[in-house]
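See structure below.
All of the numbers you see were taken from the coordinates with simple rules; none came from a lab. In this text the structure is predicted, and so the values were computed from the model without any measurement. Note that we place each Cβ from the backbone using ideal geometry, even for glycine, and neighbour counts take in every protein chain shown.
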Amino acid sequence: MTYNIMPQKDLMYSGHVGCPGCGASIAMKFALRALGEKTIMVIPACCWAIIAGPHPQTSLKVPILHTAFETAGAASSGLRAALDMQGDRETTIVAWAGDGGTFDIGFQALSGAAERNEDFIYVCYDNEAYMNTGVQRSSSTPFGARTTTTPGQGWKQRRKKNIVEALAAHRIPYAATASIAFPEDMIRKFQKAREMKGGTRFIHVYATCPTGWRVPTEMCIKIARLAVQTNFFPLYEVEEGIRYTINHKGNRQVKEYMSTQGRFKHLNDDDYAQIQQMVDADWDLLGRKAKM
Ligand SMILES: Cc1ncc(C[n+]2csc(CCOP(=O)(O)OP(=O)(O)O)c2C)c(N)n1
Ligand SMILES: [Mg+2]
């Protein structure tokens, strides 16, 4: 299969209502370039429900179905069935949800859809907290991060849920991670997912949130890149739940990534050593799966 590395047709208007430096907005821009105009976006409650603009305004040149927080998987299944009834096999349905709407409240609907192998692409843009409502902890928030709902020591003491593994366990045709700092890789994955019609495709996109992570807006891409270069957020693909491909091998220390952000500024060297061990163990496990 050949891919158009950077399609130039932009399907976002020049204005939107995201924060300056919003990684989720950049993610949408690249995703739509890859997906093309025959796309319908299904957006549950999340920052993107706001960024898209209130009706009749919109920041996208494709149709949007706004839906309830927990329903992206179910609403996308229904929309696909409706298009099938109309004989439209060309339009791609894309669920576009945040981490709260995917890892937590929307997980039931997503898992149901994935188990039925519904024919749509589900994208989770991951900013690692409930940002739209004021930076509350989600099950995607990483170990060590401070949020507005991590009481006690003030930072999260549990690991981030591994959502790609959870989706791969459904044996769907395609599950992959992507990053706004690696646009060619991201566009290739979206084009690949679009062409793999006939089942559930899941793409987990890492999206910096300058507001919630407490970083300068101009650092958005640099920080997303460091997440991959330190193996904090590895780029990989899983086909049929078992065939793993790693797309990038990082070799930098995790502290280089984390120390750029206000949400980790309370961590000391012992904490960093513990987190480095966790990241190394996860990377080792991923490497073993890719070699199997
Ligand atoms: C059933 C329900 N509970 C709570 C809310 C309030 N709410 C709207 S968006 C949101 C946070 C969404 O977080 P996430 O999915 O991570 O997206 P982000 O805002 O970070 O982009 C919450 C709690 C809601 N709309 N519906
Ligand atoms: Mg979020």
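Applying the Kirkwood pairwise sum to the alpha-carbon positions of the range 123-219 produces a hydrodynamic radius of 14.8 angstrom.
Which of the listed residues, 136, 87, 19, is farthest toward the dipole's positive end in the chain, when Lys, Arg count +1 and Asp, Glu count -1 at the beta-carbon? Of the listed residues, the answer is 19. All Cα-Cα distances of the range 1-118, cut into 5 Å bins from zero to the largest, leave 2, 11, 20, 22, 21, 15, 7, 1, 0 percent in each bin in turn. Taking every alpha-carbon pair within the chain, the share separated by more than 36 Å comes to 10 percent. Maximal additional length on extending the residue 17-residue 284 stretch stands at 92.1 nm, based on 0.36 nm per residue less the C-alpha distance.
One decimal place: the segment residue 162-residue 270 gains 36.5 nm when fully extended, by the rule 0.36 nm per residue minus the C-alpha distance. Computed about its Cα centre, the charge dipole of the chain is approximately 320 debye, with only Lys, Arg, Asp and Glu carrying charge at their Cβ. Over all other residues within a Cβ to Cβ distance under 13 Å of residue 14, the charged ones net out to +1, with Lys and Arg as +1 and Asp and Glu as -1. Computed over neighbours whose Cβ is under 13 Å from that of residue 154, the net charge equals +4, Lys and Arg +1, Asp and Glu -1. Straightening the chain between residue 171 and residue 148 buys 4.7 nm, computed as 0.36 nm per residue apart minus the Cα-Cα spacing. Under a 5 Å amide H cut-off, with hydrogens placed 1.01 Å from N, residue 174 pairs with 202, 240 among residues at least 5 apart or on other chains. Distance between the C-alpha centers of the range 265-292 and the range 107-121? Whole Å please. The range 265-292 and the range 107-121 have Cα centres spaced 30 Å from each other.
Charge tally for residue 129 (other residues, Cβ to Cβ under 14 Å; Lys, Arg +1; Asp, Glu -1): +4. Here the spin labels are modelled as points 7 Å beyond Cα on the Cα-Cβ line, and at residue 81 and residue 38 they lie 2.4 nm apart. Rounded to the nearest Hz, the phi-derived 3J(HN,Hα) couplings of the range 217-232 under the Karplus curve 6.51 cos²θ - 1.76 cosθ + 1.60 (θ = phi - 60°) are 4, 6, 8, 3, 6, 4, 5, 4, 5, 4, 4, 7, 5, 9, 6, 5, where x marks glycine and proline. Its Cα centre serving as origin, the range 120-211 has a Cβ charge dipole (Lys and Arg +1, Asp and Glu -1) of approximately 240 debye.
What the Cα atoms of the range 81-124 give is an Rg and a Dmax of 11.7, 34 Å.
For the chain, the residue among 123, 272, 40 whose Cα projects farthest onto the positive side of the dipole built from Cβ charges is 272. For the range 1-69 and the range 147-213, what is the separation of their C-alpha centers, rounded to whole Å? Rounded to whole Å, the Cα centres lie 17 Å apart. Taking a straight line from the alpha carbon of residue 249, these lysines sit under 16 Å away, with near neighbours fewer than eight places off in the same chain left out: 289, 291. Placing one identical point scatterer on every Cα of the range 59-154 and ignoring solvent, what is log10 I(q)/I(0) from the Debye formula at q = 0.10, 0.22 Å⁻¹? Summing over Cα pairs of the range 59-154 leads to -0.33, -1.08. Here the chain carries DSSP beta bridges of which approximately 25% are antiparallel, counting only pairs with both residues inside.
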